[in-house]
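The structure appears right after this line, and notes come after that.
The values are calculated or read from the model by the stated rules, or taken from the named source; none is laboratory data. Just so we're clear, the structure is a prediction, and the values are computed from it rather than from any experiment. Reconstructed Cβ throughout: ideal geometry from the backbone, glycine too, with neighbour counts over all protein chains shown.
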Amino acid sequence: MRTRVIWVLAAAVGVGAAYLAGYWPERGQRIAAEGQVEALETKLTLAEAHVRTGALLGRVLTVRELVMRQDYGQALERSSALFDDIRRETTAMPDGQLRDGLTGALTKRDSVTAGLAQGEPGTAAILHDIELELRSALGYEMLPPTGATP
């Protein structure tokens, strides 16, 4: 009877050791994979924010083009939706360079709206400033001001 108990205990220890030998490496691989997934999710979130900010930049350029064509009514209509989307994106964006660029663009909303309502061609310069802020926030190469020495 005693021999049988020893064999049962030895078998149980063997099964437990085999389980741990298979479980421990798999657990380590799972933890490493979860870490990689978390890092990739962070990168994906940042990439999506860059894409949305790039789309906003494209819309700023469209409004500026409309101002240069002196189509102030269409520019005003599009700028209203643009600034609403910039505000929405600013609140959803985590702190950082992109959020700072969007916040800077948002501060110019009133001057753009007033300029477009009055049909001022100088509004294109304000939109150009917004463009530069967004380009800088996206990390695009910035050219030195005209007439500046390199």
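Does R27 satisfy the condition of being of a type in the set (K, R) and touching a Leu at 6+ places or on another chain (Cβ under 9 Å)?
no
Could you check how many residues of region 68-86 are surrounded by fewer than 19 Cβ atoms within 10 Å (Cβ to Cβ) and either within 27 Å of the chain's Cα centre (by Cα) or not basic (K, R) (or both)?
Residues that pass the stated criteria total 11.
Picking from A33, A55, which residue would you name as being within 25 Å of the chain's Cα centre (by Cα), within 30 Å of E133 (Cβ to Cβ) and at pLDDT 85 or above?
A55
When you scan region 107-120, how many residues do you find that are part of a helix (DSSP H, G or I) and surrounded by fewer than 16 Cβ atoms within 10 Å (Cβ to Cβ)?
Here the count works out to 5.
I'm told T53 meets every condition in (1) touching a residue at least 60 places away in the same chain (Cβ under 8 Å); (2) not in a helix (DSSP H, G or I) except one. Can you identify the failing condition by its number?
(2)
For residues in region 116-135 being of a type in the set (A, V, I, L, M) and touching a helix residue (DSSP H, G or I) at 6+ places or on another chain (Cβ under 8 Å), which is nearest to L106 (Cα to Cα)?
I130
Return the pairs, sorted by first residue and then second, in which the second residue is crowded, with 18+ Cβ neighbours inside 10 Å and modelled with pLDDT of 95 or more, the first residue lies in region 126-137 and is farther than 12 Å from R64 by Cβ, the beta carbons are less than 7 Å apart, and the residues are 6+ apart or on different chains.
R135/L57
What number goes with the only condition from (1) outside any loop (DSSP other than H, G, I, E, B); (2) at pLDDT below 95; (3) of a type outside the set (D, E) that L82 does not pass?
The failed condition is (2).
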